[in-house]
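J.: One structure, pasted below without further comment.
The values are calculated or read from the model by the stated rules, or taken from the named source; none is laboratory data. Keep in mind it's a predicted model, so treat the numbers as computed, not measured. Cβ: placed from backbone, ideal geometry, glycine included. Neighbour counts: every protein chain shown. To get the accessible areas, we keep the full protein, side chains included, count just its heavy atoms, and leave off ligands, DNA and RNA. Shrake-Rupley method; radii C 1.70, N 1.55, O 1.52, S 1.80 Å.
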Amino acid sequence: MSAAQAQEAVNVSLFVQRFSATRRGARLARRLTTHRLDLWGVPYGSPASETVALVVAELAANAVLHGRVPGRDFELRLRCDRPAGVVRVEVADTHPGRPEPPQPGQDPVDAEGGRGLLLVDAVATRWGVDERRGPGKTVWAEFALPTTH
């Protein structure tokens, strides 16, 4: 490869980290999310940063409280795709149980769980649950990046 050849700019950024399945691990996941987003041009305290951090906090808390398997960590994966204008959050744990939001028409106050997923549903562009290689599942959410002029 000659020095004169131009290299393409990287427009997709990725961050992957495993955390202990503890409250401290969940808090660290949220804090590192805002730090990483800031490095990627989504400033601290901006509505986009706050929204993504809120969902990471909820999904990490769910992984710690409901998805914890003793001796196993949870994984956070952040993907910022500038050309597509999307930030994707994935939180994976090793527990086989799948999260269930309250059913339509059911009062969330009466539900045993899933109220946090109502919050995720309200602020994310889309979200879902996927199988993962090995035991457990991955809960993901996507967000539209604000357009910059």
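J.: Among the residues of the range 68-83, which ones are farther than 12 Å from residue 26 by Cα and touching a residue at least 40 places away in the same chain (Cβ under 8 Å)? First the steps, then the outcome.
T.: First, pick out the residues of the range 68-83 that are farther than 12 Å from residue 26 by Cα: 69-72, 77-83.
Matches in the range 68-83: 69, 72, 77, 78, 79, 80, 81, 82, 83.
J.: Residue 70 passes all but one of (1) modelled with pLDDT under 85; (2) within 17 Å of the chain's Cα centre (by Cα); which number fails?
T.: Failed condition: (2).
J.: Follow-up. Being assigned to a loop (DSSP other than H, G, I, E, B), of a type in the set (A, V, I, L, M, F, W, C) and more than 19 Å from residue 142 (Cβ to Cβ) is the filter here; which residues of the range 37-73 pass it? Can you show your working first?
T.: Of the residues in the range 37-73, the ones assigned to a loop (DSSP other than H, G, I, E, B) are 40-46, 66-73.
Restricting the remaining residues to those that are of a type in the set (A, V, I, L, M, F, W, C) gives 40, 42, 69.
Within the range 37-73, just 69 meets the criteria.
J.: Quick one: would you say residue 4 is over 12 Å from the mean Cα position of the chain (by Cα) and either at pLDDT below 95 or of a type in the set (A, V, I, L, M) (or both)? Working first, answer last.
T.: Details: over 12 Å from the mean Cα position of the chain (by Cα): yes; either at pLDDT below 95 or of a type in the set (A, V, I, L, M) (or both): yes.
For residue 4, the condition - over 12 Å from the mean Cα position of the chain (by Cα) and either at pLDDT below 95 or of a type in the set (A, V, I, L, M) (or both) - is met.
J.: Might you check whether a residue that is open to solvent by 40 Å² or more (accessible area, probe 1.4 Å), modelled with pLDDT of 90 or more, in contact with a helix residue (DSSP H, G or I) (Cβ under 9 Å, 6 or more places away or on another chain) and not hydroxyl-bearing (Ser, Thr, Tyr) occurs anywhere in the range 44-53?
T.: Checked against the condition, which is being open to solvent by 40 Å² or more (accessible area, probe 1.4 Å), modelled with pLDDT of 90 or more, in contact with a helix residue (DSSP H, G or I) (Cβ under 9 Å, 6 or more places away or on another chain) and not hydroxyl-bearing (Ser, Thr, Tyr), the range 44-53 yields at least one hit.
J.: Here is a follow-up. Going through 33, 22 one at a time, which residue ends up being modelled with pLDDT of 90 or more and buried (at least 18 other Cβ atoms within 10 Å of the Cβ)?
T.: After applying the criteria, what remains is 33.
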